[in-house]
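Just so it is clear, none of the values below were taken in a lab; they were calculated from the coordinates. Remember, predicted model here, so these are calculated numbers, not experimental data. Using ideal geometry, Cβ is built from the backbone for each residue, glycine included, and neighbour counts are taken over all protein chains shown.
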Amino acid sequence: MKTPLLQLEGVHTHIGAYHILHGVDLQVMRGELTVLLGRNGAGKTTTLRTIMGLWQASSGSVRFDGEDISARTTPEIAHRGIAYVPENMGIFGDLTVRENMLLAARGAKRIEDIDGARLEWVFGLFPAMKRFWEHPAGLLSGGQKQMLAVARAIIEPRQLLLIDEPSKGLAPAIIQNMITAFRELKQTDTTVLLVEQNFNFARQLGDKVAVMDGGCIVHSGAMADLAGDEDLQQRLLGLSLAAHQ
Amino acid sequence: MTASTTTLAQDALPAVKLDRIPLLLLPVLALAALPLIGSFSTWVTLTFAGLAMGMIIFIIASGLTLVFGLMDVLNFGHGVFITLGAFLAVSVLGRMTGWTESPSLLRNLLAVLPAMAAAMVVAGGVGFAFERLIIRPVYGQPLKQIMITMGGMIVGVELIKVIWGAQAIPLPLPTAFRGSLLFGEAAVEKYRLISVVVGLSVFAVMFWVLSRTKLGLLIRAGVQDREMVESLGYRIGRLFIGVFVAGSALAGLGGVMWGMYQQTITPEMGGQINVLLFIVIIIGGMGSVGGCFIGSLLVGLVANYAGFLAPKVALFSNILLMVIVLMWRPEGLYPVGKR
């Protein structure tokens with residue numbers, strides 16, 4: 001039986017005078033890919049940033065692998081095995097692809113210190129990374145930057161990946177490659193919490209789904225249930241999957 | 001683990017190009033000054049003087065630009081580390097007059113190097129306390145940073161006056177550093193050559209650290225997006241303290257160099273140089289070490305050429321240089337790609 005790796009209970013987050021999260025309850029099970037859906041401004045990105053400690057929860061608890069991490073700093077949270085790919089990808093544009101990857105590999109002082117088999121696996125998922133290894137990351141296309149952002153998150157084994165809208169602004173062909181890469185990633189039993197607005201993308205990957213609105217989780221369950229229920233989609237997301245295919 | 005996907009995004013990237021135009025400014029400026037100056041030997045003398053001045057400014061300003069780049073901290077108190085370095089040099093060298101007045105270059109160096117080391121260690125230590133006590137409470141509050149760091153400098157200068165007195169103190173060059181070397185008809189002061197060598201050495205070490213070590217990668221990444229650096233698991237606060245201490249230590253070293261360059265030091269010298277430092281880091285692109293290097297040399301050359309050609313213009317020549325550069329490149333010569 002699968003156990004939760006990440007649990008949010010009654011999480012409230014304020015940013016300045018604004019109350020963004022209003023008691024978020026969310027579970028991410030080990031080895032599963034959970035998709036967080038919702039319209040713009042629903043609180044999805046704030047949820048990821050709160051988990052990562054970039055914004056502090058004003059109340060509630062964020063438990064990771066049984067430990068309450070809500071008062072931990074961002075580096076401490078990262079050291080517990082959580083990797084974060086922000087919406088803006090967080091690429092260091094003045095650094096090369098190689099340098100970006102080296103930074104993400106905390107245990108490596110030089111690129112030679114990175115596990116060669118793992119690096120080859122990442123190259124297999126994202127061949128463009130090998131091709132543009134010595135190029136400044138700022139010169140990559142939007143899709144390549146997204147690949148680099150994800151490649152960076154998986155260059156060393158992590159317990160949980162938090163990924164914010166990886167399909168945003170990408171061409172359909174690149175999105176399809178992303179889906180293929182995520183499917184391969186899922187085979188390694190990596191736990192993923194993925195924020196998405198592209199339901200078609202989310203449907204193909206998600207084991208579980210949670211839908212946010214107004215800073216709360218308004219639905220959670222199996223992705224297959226939501227994908228197969230157009231009325232529910234219409235009610236929760238204001239769309240039907242058919243309209244997105 | 002198996003490789004899986006098809007080829008991704010095969011479109012070629014634009015060729016990697018180094019932006020050479022700012023680099024070309026230096027030879028272009030120097031060559032443009034040659035016909036105006038008229039005499040080749042005078043031009044060589046002025047050019048070396050400008051490069052030496054620029055190198056010392058770079059040593060002082062490099063830490064300041066990194067501190068801004070990493071944490072958006074505008075430290076108007078940087079000048080106090082310069083003054084502290086210069087006064088420490090007076091104290092150390094004053095106890096070693098037998099060595100500084102010896103004609104032996106080796107004995108002179110054995111006096112100057114401990115003075116430099118003392119200046120760097122003490123300025124670095126004071127920088128650590130300055131960051132903890134003065135800057136840390138005002139992270140993310142630029143207006144308060146300006147006020148409190150200026151206040152910190154005023155307090156620091158007054159403390160220096162308490163220890164060393166308010167009067168100007170001579171800081172004579174060691175014997176072997178005095179005089180000039182002749183290259184044909186051009187006379188180049190030995191100390192200026194030494195300043196160029198020290199400045200280039202500092203630049204080379206800094207370049208090596210920033211480009212070849214993981215610490216340097218972290219600093220460069222932190223200048224671009226500190227939040228992402230933290231998300232990767234690195235403590236940017238510790239990195240910042242390290243850079244702040246190193247920047248303060250370099251300012252202390254620069255204070256020793258600048259004091260010997262001027263041969264007289266005053267408690268106000270740091271505050272006076274502060275203006276030049278900010279011109280340099282703005283010209284270079286806030287947070288860019290390479291830009292700071294080019295900016296420092298440009299400022300040094302312009303100050304010396306203008307001082308010779310039009311002394312009245314020299315008073316505002318560096319401001320004019322900054323205005324021209326910013327009209328051409330509003331974010332400086334090498335803007336740092338932030339967030």
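The table that follows gives values for the structure above.
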item	result
Residue A:224-residue B:326 pseudo-label distance in nm [points 7 Å out on the Cα-to-Cβ vector]	6.4
Chain lengthening between residue B:209 and residue B:139 when straightened (0.36 nm per residue, less Cα-Cα)	22.6 nm
Per residue, the convex hull volume that the Cα atoms of chain B enclose (Å³)	176
Derived scalar couplings ³J(HN,Hα) [the range A:200-205; Karplus, 6.51 cos²θ - 1.76 cosθ + 1.60; whole Hz; x for Gly, Pro]	4, 4, 5, 4, 6, 10
MRE, 222 nm, helices only [DSSP H, n ≥ 4, -39500 (n - 2.57), over chain A, to nearest 500]	-9500 deg cm²/dmol
Pairwise label distance in nanometres, residue B:117 with residue B:129, each label 7 Å out on the Cα-Cβ vector	2.2
Cα lying deepest toward the dipole's positive end in the range A:103-207, options A:160, A:141, A:206, charges on Cβ	A:141
Point-charge dipole on Cβ atoms (K/R +1, D/E -1) for chain A, about Cα centre, debye to 20	380
Inter-centroid distance (Cα atoms) of the range B:95-110 relative to the range A:124-159, Å	56
In degrees, nearest ten, helix A:142-154 long axis to first principal axis of chain A (Cα)	90
Of B:118, B:160, B:91, farthest towards positive along the dipole that unit charges on Lys, Arg, Asp, Glu beta carbons give the protein assembly as shown	B:91
Pairs beyond 26 Å (Cα-Cα), from A:130/A:186; A:2/A:145; A:168/B:214	A:2/A:145; A:168/B:214
Estimated dipole of the protein assembly as shown in Debye, rounded to 20 [Cβ of Lys and Arg +1, of Asp and Glu -1, Cα centre]	1220
Residue B:168/residue B:36 FRET efficiency (R0 45 Å; Cβ-Cβ; nearest 0.05)	0.85
Difference of contour (0.36 nm per residue) and Cα-Cα distance, residue A:232 to residue A:14	75.5 nm
Dimensionless Rg ratio for the protein assembly as shown, taking C-alpha atoms and the 2.2 N^0.38 Å reference	1.15
Modelled FRET efficiency - R0 41 Å, residue B:316 with residue B:97, Cβ distances, 0.05 increments	0.55
For residue A:216, distant residues with modelled amide H under 5 Å away	A:22
Cα centroid of the range A:1-41 to Cα centroid of the range A:80-100, whole Å	23
Within chain A, longest stretch clear of exposed trypsin sites (Lys or Arg not before Pro) (DSSP loop, no more than 16 other Cβ within 10 Å)	A:111-245
Most positive-pole-ward Cα, B:295, B:201, B:31, against dipole of chain B from beta carbon charges	B:201
Per-residue HN-Hα couplings for the range B:167-182 [Karplus 6.51, -1.76, 1.60; θ = phi - 60°; Hz; x = Gly/Pro]	7, 5, 10, x, 10, x, 6, x, 3, 6, 7, 7, x, 10, 9, 9
Under 5 Å, built H, 5+ apart or other chain: amide partners of residue A:14	A:20, A:58
Within chain B, longest stretch clear of exposed chymotrypsin sites (Phe, Trp or Tyr not before Pro) (DSSP loop, no more than 15 other Cβ within 10 Å)	B:140-315
For residues of A:101-113, the mean tally of beta carbons on other chains within 10 Å	2
For residues of B:222-228, the mean tally of beta carbons on other chains within 10 Å	6
Added length on full extension, which subtracts the Cα-Cα distance from 0.36 nm per residue, residue B:272 to residue B:235	9.9 nm
Long-range HN-HN contacts of residue A:85 with modeled amide H, under 5 Å	A:162, A:163, A:164
Alpha carbon convex hull of the range B:38-125, projected area averaged over orientations, nm²	8.3
Acute angle (nearest 10 degrees) that the helix B:142-164 long axis makes with the longest principal axis of chain B, alpha-carbon atoms	30
Average beta-carbon neighbours from other chains, 10 Å sphere, peptide A:88-100	5
